[in-house]
Amino acid sequence: MTTNNTIIPEGTFHGLQVSDQGVQSIAKALRINPDRLIARIEAALPAQAEQELYVKIGSDFKIQPESLAKLLREFLGPREVVATDSVAHAVGKNLIAYPFGDVNDFLTGVFDLLGMDLDINVSMRNAAKLVIAYGHGTEAVVDDLFANVEMVAKRLGLKGKDGKIVGIGIAFLVETAIPKRLKEGRPIPRTLSEYFESE
């Protein structure tokens, strides 16, 4: 996965405007009227910094504003991204916090997973949960699923294309295996195959 791409906006944002090139580009990509797009952005992402983030990445990833809002809430909970998050600040002796760095890594991980040319049938929500759980190790988890796709299919009683089986495997991992392990007070499984081998 590529996690060194910076997708967090930099520079000055002057609010949502129909004439803005980013708004025009997204509207064209999503085949929607720019005025309607702005209304949807404002409804889904009331925080100005989140609107700016959407304008920066919306056309590249062809993501709906409501989808970005769901991703951000999955990662941040009710906390909204604010402009000061883009500034690194000291939080202790020899310790610097850069909140946008975590958001950037998360979004990059999700978009990398969704953009993999592997025909994986995975929902954005499950992709988000997988990246939250495994961070930079997400690609290794997906690779393991593909390497063990026959075993995953057999254990889950599935038939079909590998991408479909991997997508269902991801759903099982984030919706069943990880919550079960956490409820038991145990570490999350390193991979789905490890989970099946230990259960």
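The values are calculated or read from the model by the stated rules, or taken from the named source; none is laboratory data. All of these numbers come straight from a predicted model, not from anything done at the bench. Cβ placement follows ideal geometry from the backbone for every residue including glycine, while neighbour counts extend to all protein chains displayed.
Tell me which residues, restricted to the stretch 178-199, are touching a helix residue (DSSP H, G or I) at 6+ places or on another chain (Cβ under 8 Å) and exposed (fewer than 10 other Cβ atoms within 10 Å of the Cβ). Across the stretch 178-199, the qualifying residue is only PRO187.
Here's the yes/no breakdown for (1) under 27 Å from ASP102 (Cα atoms); (2) within 20 Å of the chain's Cα centre (by Cα):
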| site | (1), (2) |
| --- | --- |
| ARG125 | yes, yes |
| ILE132 | yes, yes |
| MET151 | no, no |
| GLY163 | no, yes |
| ILE178 | yes, yes |
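Taking the listed residues ILE120, ILE170, the one that is modelled with pLDDT under 90, buried (at least 16 other Cβ atoms within 10 Å of the Cβ) and more than 30 Å from VAL82 (Cβ to Cβ) is ILE120, with no other qualifying. Note on the stretch 51-109: residues that are at pLDDT 80 or above, over 17 Å from GLY135 (Cα atoms) and acidic (Asp, Glu) amount to 4.
Of the listed requirements (1) farther than 24 Å from TYR54 by Cα; (2) of a type outside the set (S, T, N, Q); (3) modelled with pLDDT under 90, ASP112 misses just one: (1).
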